[in-house]
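Structure first, commentary second.
The values are calculated or read from the model by the stated rules, or taken from the named source; none is laboratory data. If you're wondering where the values come from, they're calculated on a predicted model, not measured in any experiment. Every residue, glycine as well, gets a Cβ built from its backbone with ideal geometry; the counts of neighbours run over all protein chains shown.
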Amino acid sequence: MKKNFLSLFALFCGLNVSAQNTAELGSQSDGRIISKHIYGHFAEHLGRCIYDGFYVGENNTKIPNIEGVRKDVVEALKKLKVPNLRWPGGCFADTYHWKDGIGPKANRPTIVNTWWGGVTENNSFGTHDFLNMCELLGAEPYLAGNLATGTVQELADWVQYVNFGGESPMSKLRQQNGRKEPWKVKFWGVGNEAWGCGGNMKPEYYSNEYRKYSTFMTNWDNNNKIFRIASGANSSDYNWTEVLMKNISQNLVEGVALHHYSVIEWSKKGPATNFSDEQYFKTMKSAYFMEELVNKHIEIMDKYDSKKKVALVVDEWGGWYDVEPGTNPGFLYQQNTIRDAMIAGLTLNIFNNHSDRIRMANLAQAINVLQSVILTKEEKMLLTPTYHVLEMYNVHQDAEWLPFTIKSNDFVFGGDKLPAVSGSASKDKSGATHISLTNIDAKAAQDVVINIGSAKFKSVSGRILTSEKLGDYNSFESPDKIKPTAFKGASVKGGELKVKLPAHSVVVLELK
């Protein structure tokens, strides 16, 4: 009888107590720094990202602005510590001719945005407007050049226009338009999605075009050399990376791009809110696929560039769902829920842990498009769950990477499974250690025991982002429903740090 009771007790415990997750924090890094540029953003002429998002016009008396740029947006993005901002596209970049967006605004020609909604734009937001806005934000601009419908001369002129401090036709034109000193733009994309909307090219053809264009993108100032980024692969097109790395001399390229979106199916993306458990799991599976993607692309790059001189630049990533009902399908406007916070936390952990090769990335997109950090509606503005994750994670920017490995429980759905917990760690210049943890499990809390070795931490504090339901979001009626709060579920004693992560939560810890 006693033996049967003990057997039943053991079975009961096994059914109700899951094994704890274990992790190890390394104290010795390889000297690697997590580049702040991994935390970049993207602002395309798409839907309401530029017009009604960033830019409301200089004559707008209802919405406070600085030369037409919303003040509330500027303040929010400065707090986010946006390191770089990509513009004007995207697909739009390869139809954009920069000279149409300079000079007196009344004289600028209009353009039809054939890629996104077929709307007519008046070019009132152009090169000066964007680069001056980047100065307001304290962000480095990342200009995407037109390789498909433009010319080598056009792109070379743009580089000279914004970067050359001496006397030349383009610098004179810049000064005539009101800007004496050059902006010294470092980051330049040479075409966008050349395999698709950027020309439907084959990698062999594109790599030759790239070589030609990049040759004439002169470093006008040897003290501020430009960083040229080749149009990279569409998700798992490993042959594209292979051909580019093989065919483009390393003296002509500083970065190779990669695009990957967390999407259930391109033909059936599903709703941004009110999604099912199955849709949530499939979205997380697509987000986790980023780990496999970057590993395989990095393996190819290592074959041709063992010293890792060329950066992998993931300049489009994020969740992609069906647009909100009643909105223009070409505007890609979607709500932003706790599911998006899970994508952000998981993806940024992957990038941090591959920061020896991934040195730049851009969330798509900043305002009112796809996985936005900000949504606007006339004079109203709100911060999304994704915004809060990036703000919490900005402690990793330019910090020293620390090895962090996790043996995670499974998040199971149907016959499939994913690791429930991901994480990354760094040490900042003041000596504080930060650990970011994301639990994507839809329903189960996860206990994590982290071996911190001989580290002598005296205190641990943190913040958490979560909500009652995965589908919760901030609305214009309740803009602060989801925001970070103090986290009390961590304790450090001896050589162990114990953390209790609620279901679907993101936590960032600070240890001193």
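General observations
- Among the conditions (1) farther than 27 Å from Leu382 by Cα; (2) out of contact with any helix residue (DSSP H, G or I) (no Cβ under 9 Å at 6 or more places or on another chain), Asp428 misses just one, which is (2).
- The stretch 293-409 holds strands (runs of 3 or more DSSP E) entirely within its bounds, and those carrying 2 or more residues that are closer than 26 Å to Val74 by Cβ map to 311-319, 358-363, 374-377, 380-383.
- Candidate set: the stretch 307-337, residues that are crowded, with 24+ Cβ neighbours inside 10 Å and among the β-branched types (Val, Ile, Thr); chosen: the one nearest to the chain's Cα centre (by Cα): Val314
- Taken over the stretch 463-501, the residue count meeting the criterion of being closer than 15 Å to Ala23 by Cβ and under 25 Å from the mean Cα position of the chain (by Cα) is 1.
- Residues of the stretch 435-482 that are among the aromatic types (Phe, Trp, Tyr) and more than 17 Å from Ile343 (Cα to Cα): Phe457, Phe476.
- Answer from Ser235, Ser231 - the residue that is in contact (Cβ under 8 Å) with a residue 40 or more places away in the chain, among the polar types (S, T, N, Q) and at positive phi: Ser235
- Only a single criterion out of (1) of a type in the set (Gly, Ala, Ser); (2) modelled with pLDDT of 95 or more; (3) farther than 24 Å from Val313 by Cα is not satisfied by Ala43, namely (3).
- Tyr288 being under 16 Å from Ser236 (Cβ atoms), surrounded by 15 or more Cβ atoms within 10 Å (Cβ to Cβ) and in contact (Cβ under 8 Å) with a residue 24 or more places away in the chain: yes
- Between Asn208, Asn239, Asn247, Asn222, the distinction of being over 22 Å from Ile38 (Cα atoms), modelled with pLDDT under 95 and of a type in the set (S, T, N, Q) belongs to Asn222 only.
- Subset tally (residues that are touching a helix residue (DSSP H, G or I) at 6+ places or on another chain (Cβ under 8 Å), part of a helix (DSSP H, G or I) and not small (Gly, Ala, Ser)) for the stretch 170-186: 3
- For the stretch 410-450, a tally of residues being small (Gly, Ala, Ser) and in a strand (DSSP E or B) returns 6.
- Of all residues in the stretch 467-488 being among the small types (Gly, Ala, Ser) and surrounded by fewer than 18 Cβ atoms within 10 Å (Cβ to Cβ), the one that is farthest from Leu390 (Cα to Cα): Ser478
- Per-region count, the stretch 187-227, residues within 26 Å of His260 (Cβ to Cβ) and outside any helix (DSSP H, G or I): 18
- The test for being more than 27 Å from the chain's Cα centre (by Cα) and either surrounded by 21 or more Cβ atoms within 10 Å (Cβ to Cβ) or assigned to a helix (DSSP H, G or I) (or both) holds for Ala156.
- Qualifying residue in the stretch 334-344 (condition: closer than 21 Å to Asn192 by Cβ and of a type in the set (Gly, Ala, Ser)): no
- Of the numbered criteria (1) in a helix (DSSP H, G or I); (2) within 12 Å of Gly319 (Cα to Cα); (3) touching a strand residue (DSSP E or B) at 6+ places or on another chain (Cβ under 7 Å), the one Phe281 fails is (2).
- Look at the stretch 49-74: where a residue is over 16 Å from Phe130 (Cβ atoms) and touching a residue at least 60 places away in the same chain (Cβ under 8 Å) and a partner is exposed (fewer than 13 other Cβ atoms within 10 Å of the Cβ) and of a type in the set (Asp, Glu), sitting 6+ places away or on another chain with Cβ atoms under 6 Å, you get Lys62/Glu379; Ile63/Glu379.
- Considering residues of the stretch 96-124 that are in contact with a helix residue (DSSP H, G or I) (Cβ under 8 Å, 6 or more places away or on another chain) and aliphatic (A, V, I, L, M) only, the residue nearest to Ala156 (Cα to Cα): Ile102
- Residue check, Trp183 within 28 Å of Asp237 (Cβ to Cβ) and buried (at least 17 other Cβ atoms within 10 Å of the Cβ): no
- Annotation: of all residues in the stretch 446-463 being among the β-branched types (Val, Ile, Thr) and buried (at least 17 other Cβ atoms within 10 Å of the Cβ), the one that is nearest to Gly495 (Cα to Cα) is Ile452.
- Of the criteria (1) among the aliphatic types (A, V, I, L, M); (2) free of Cβ contacts under 8 Å to residues at least 40 places away in the same chain; (3) closer than 21 Å to His45 by Cα, which one Met201 fails: (3)
- Tally of residues being under 22 Å from Ile452 (Cα atoms), assigned to a strand (DSSP E or B) and either of a type in the set (D, E, K, R) or without any contact (Cβ under 8 Å) to a residue 24 or more places away in the chain (or both) across the stretch 475-512: 5
- Condition met for Ala93 (farther than 17 Å from Tyr51 by Cβ and in contact with a Gly (Cβ under 8 Å, 6 or more places away or on another chain)): no
- When residues in the stretch 228-258 are screened for being more than 19 Å from Lys186 (Cα to Cα), outside any helix (DSSP H, G or I) and among the hydroxyl-bearing types (Ser, Thr, Tyr), 3 of them pass.
- Taking the criterion of being buried (at least 18 other Cβ atoms within 10 Å of the Cβ) and more than 24 Å from Asp72 (Cα to Cα), the residues of the stretch 109-142 that qualify are Ile111, Asn113, Trp115, Trp116.
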